[in-house]
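The values are calculated or read from the model by the stated rules, or taken from the named source; none is laboratory data. Treat the numbers as computed from the prediction; the structure is a model and nothing was measured. In this analysis, Cβ positions are derived from the backbone assuming ideal geometry, glycine residues included, and neighbour counts consider all displayed protein chains. Note: accessible area is taken over every heavy atom of the protein model, side chains too, but ligands, DNA and RNA are not part of it. Shrake-Rupley method; radii C 1.70, N 1.55, O 1.52, S 1.80 Å.
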Amino acid sequence: MRKKYWTLFLSTLTISTFTFGGGYVIISLLKKKFADELGWIEEKEMLNLAAIAQSSPGAVAVNASILVGYKVAGLAGALISILGTILPPFVIISVISLCYTAFRDNVIVAAVLRGMQSGVAAVIADVTVNLCGTVYKETRALGILVMLAAFSASWFFSVNVLWIILACALFGVGRTWVLHRKGEMA
Amino acid sequence: MSYLDLFLSFFQIGLFSFGGGMAAMPLIQAQVVDRHGWLTMAEFTDLITISEMTPGPIAVNSSTFVGTRIGGTLGAFVATFGCILPSCLIVSLLAWLYFRYQNLSYIQGTLKGLRPAIVALIASAGLSILTLALQGANGINWLGALLFLAAFLVLRKWKTDPIYVMLGCGVLGGILYPLLDKMM
């Protein structure tokens, strides 16, 4: 158990240190680490946890790590992964706030970050390709259709994420209801 | 300034920011600039720039930044704790409910509807970062595109740890972008 706590702490710590660019980057990395590499969480469950993280108040990255920690090792796990997630930005910002103009205007820092943007985009692209396969295997064309609709709403029409989540949740509830009705009739 | 004010302000930011990322910005501005005057608008703009350059959620970055500037390390701790406390309480409760009731058919159905949406949102977030990476001062940033393609191929082919891939891109960017600027 102690080894598990330690792995959980180190994993969330390293992931958080490299999470530039918001909640979905950390979700991609958590999925790679905990689903693909360690096998502690199923891919489908990872998406469920991401959905809960997105629909709760607060930062998506913090919420997602709480859920992952809770899944892996209960309440103690949740506390450990919060610590792992919070520590890197806390330390980095504390240091930078002392000399932030020098940091902000540094040419090399800007170039490194610019390079990392390409890397982050590639990681997300890789995770997206894998997840599209999962969605297709689970719900076939319907899932892909929901995905395309949600994507267009977010990308082309800048619809607030919460509305997208709400609409898809209602769609899921409605579909279950219809399936139940069908089951009762048969 | 009192530590209680600091705690309460960031508690509100943590509690009322839904949707993550940039959605929290107006809330942070309202508390930190408009209401308490802890930062000027110029400092707040700097804070956003720094948040984009450093890892971690913007709400957490802001709480550490504002806390340090007005109350030292203790201030940073109080503000950050206030900011994540609502998440800790609400998400722990939701986690407990989820693991207890996840087998109910309606919960299953709802999550089934949500999963494709989450994939779409991940894709959408990735695409905005990609657009940013490919934007050059005049036209397409070819080096950014090259790094992206190389990183993507490495990830697909060898399933390399994404952290090494991001670090590699950072190192290459740090060397190649300044070189490229010199040649121009």
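With contacts taken as Cα pairs under 8 Å and at least 6 residues apart, chain A reaches a relative contact order of 19 percent.
Across the residues of A:133-140, average count of Cβ atoms on other protein chains within 10 Å?
What the average comes to for A:133-140 is 2.
In order along the range A:101-114, the phi-based Karplus estimate (6.51 cos²θ - 1.76 cosθ + 1.60, θ = phi - 60°) of 3J(HN,Hα) comes to 5, 4, 5, 4, 9, 6, 5, 5, 4, 4, 5, 4, 5, 5 Hz; Gly and Pro are listed as x. Take every Cα pair under 8 Å whose residues are at least 6 apart in sequence, average their separation, divide by the length of chain B, and the relative contact order is 18 percent. Estimated at 0.36 nm per residue, the fully extended path between B:Phe16 and B:Gln108 surpasses their Cα-Cα distance by 30.4 nm.
Please work out the Kirkwood hydrodynamic radius for the range B:113-183, using every pair of different C-alpha atoms, and report it in angstroms with one decimal place. Please report the intermediate quantities before stating the final value.
Details: mean 1/r = 0.0730 Å⁻¹.
With all distinct Cα pairs of the range B:113-183 included, I get 13.7 Å.
Within the range B:1-17, find all residues whose amide N lies under 16 Å from a label point positioned 7 Å from the Cα of B:Leu85 along Cα-to-beta-carbon. Backbone N within reach: B:2-17.
Evaluating 6.51 cos²θ - 1.76 cosθ + 1.60 at θ = phi - 60° for every residue in the range B:38-45, the Karplus couplings come out as 6, 10, 7, 4, 5, 5, 5, 4 Hz, glycine and proline recorded as x. Across the range A:130-140, rounded Karplus estimates of 3J(HN,Hα) from the backbone phi angles (6.51 cos²θ - 1.76 cosθ + 1.60, θ = phi - 60°) give 4, 5, 4, x, 4, 4, 5, 5, 7, 10, 6 Hz, Gly and Pro being marked x.
Separation of the range A:128-186 and the range B:19-75, taken as the distance between their Cα centroids, equals 35 angstrom. Does a label point 7 Å from the Cα of A:Val107, set along Cα-to-beta-carbon, have any residues of the range B:160-184 with amide nitrogen under 14 Å, and which are they? Only B:174-184 fall inside the zone, counting backbone N under 14 Å.
For chain A, the longest principal axis of the C-alpha atoms and the axis of helix A:60-96 are separated by about 30°.
Our summary of shape: the Cα atoms of the protein assembly as shown have principal axis extents of 71, 52, 45 Å, ordered from largest down, in whole angstrom.
Leaving ligands and nucleic acids aside, the B/A contact buries around 8100 square angstrom of accessible area in total at a 1.4 Å probe radius. A convex hull fitted around the alpha carbon atoms of the range B:3-101 yields 95 Å³ per residue. Each peptide in A:144-155, B:137-148 was scored by the mean count of other Cβ atoms within 10 Å over its residues; highest first, the order is A:144-155, B:137-148.
Sum -39500 (n - 2.57) across every DSSP H segment of at least 4 residues in the protein assembly as shown, then divide by the residue count to get the 222 nm mean residue ellipticity, nearest 500. List each step's numbers first, then the result.
Working: 14 runs with 298 residues, N = 370.
Per the formula, -28000 deg cm²/dmol.
Among B:Ser87, B:Ser63, B:Ser124, the residue with the largest mean-square fluctuation in a Gaussian network model of chain B, with springs joining Cα atoms closer than 10 Å, is B:Ser124.
To make sure I understand the rule: partners must be lysines, Cα under 19 Å from the Cα of A:Lys33, and not fewer than 8 residues away in the same chain. Which ones qualify? Within the straight-line cut-off, A:Lys33 pairs with A:Lys3, A:Lys4, A:Lys44, A:Lys71, B:Lys157, B:Lys159. Peptide A:158-166 shows a mean partner chain C-beta count of 4 within 10 Å per residue C-beta. With the cut-off at 1.5 for a/c, could you classify chain B from its C-alpha gyration tensor as rounded, prolate or oblate? Judged from the Cα gyration tensor, chain B comes out oblate (a/c at least 1.5, b/c at or above a/b).
Note the direction-averaged projected area, equal to a quarter of the hull surface, for the Cα convex hull of the range A:1-98, in nm². The partial results should precede the final answer.
Working: hull surface 24.1 nm².
The directionally averaged projection comes out at 6.0 nm².
So what's the angle, to the nearest 10 degrees on a 0 to 90 scale, between helix A:2-17 and the longest Cα principal axis of chain A? Value to nearest ten degrees: 80. Descending by average beta-carbon neighbour count within 10 Å, the peptides A:76-88, B:107-119, B:157-169 line up as B:107-119, A:76-88, B:157-169, the highest first. Between the Cα long axis of helix A:161-185 and the first principal axis of chain A there is an angle of about 30°, rounded to the nearest 10.
The ellipsoid that matches the Cα gyration tensor of chain A has semi-axes, each √(5λ) in whole angstrom, of 34, 22, 15, with the longest given first. Placing a pseudo-label 7 Å from each Cα along the Cα-to-Cβ vector at A:Leu38 and B:Arg100 gives an inter-label distance of 2.5 nm.
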